[in-house]
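The values are calculated or read from the model by the stated rules, or taken from the named source; none is laboratory data. All values derive from a computational prediction rather than experimental measurement. Cβ atoms come from the backbone with ideal geometry, glycine included; neighbour counts cover every protein chain shown. Surface accessibility is based on the protein's heavy atoms, side chains included, excluding ligands, DNA and RNA. Shrake-Rupley method; radii C 1.70, N 1.55, O 1.52, S 1.80 Å.
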Amino acid sequence: MLIYFALLSPFTIFAEKLGLMLNALLGLAAFVAVALIGWAIAELKGKTCNYEQNEDEKRVDEQLADALHKNGFTEMDINDVVRNISTKGFDAI
């Protein structure tokens, strides 16, 4: 009887490890399935629900842009940001 358990124990250990791996794989598969379903819902919602600005929103955007440019605001591209960036840390303040 002892020999039977000695021969059986490596197989039971392997089966337990295989069970843990299968649980992890099932969890991963469930996570991927939920992510794909959520992505599909978001894509369908994005294609069916169209948003267009009305005239009031466009007018407000233009007013804000005019106010910013009147006060001397200029939008910087990445080259301007790199040219003006400070890498001195606390000494920059």
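Determine whether the range 69-87 contains at least one residue that is open to solvent by less than 100 Å² (accessible area, probe 1.4 Å), at pLDDT 90 or above and not polar (S, T, N, Q).
no
Return only the number of the condition from (1) open to solvent by less than 90 Å² (accessible area, probe 1.4 Å); (2) at pLDDT 90 or above that A6 does not satisfy.
So A6 meets the others, but not (2).
Enumerate the pairs (first residue in the range 39-61 and modelled with pLDDT under 95 and surrounded by 10 or more Cβ atoms within 10 Å (Cβ to Cβ); second residue anywhere and of a type in the set (D, E) and not in a loop (DSSP other than H, G, I, E, B)) with beta-carbon separation below 9 Å, excluding pairs fewer than 6 apart on the same chain, so at least 6 apart or on different chains.
As it stands, the answer is Q53/D61, since those pairs meet every condition given.
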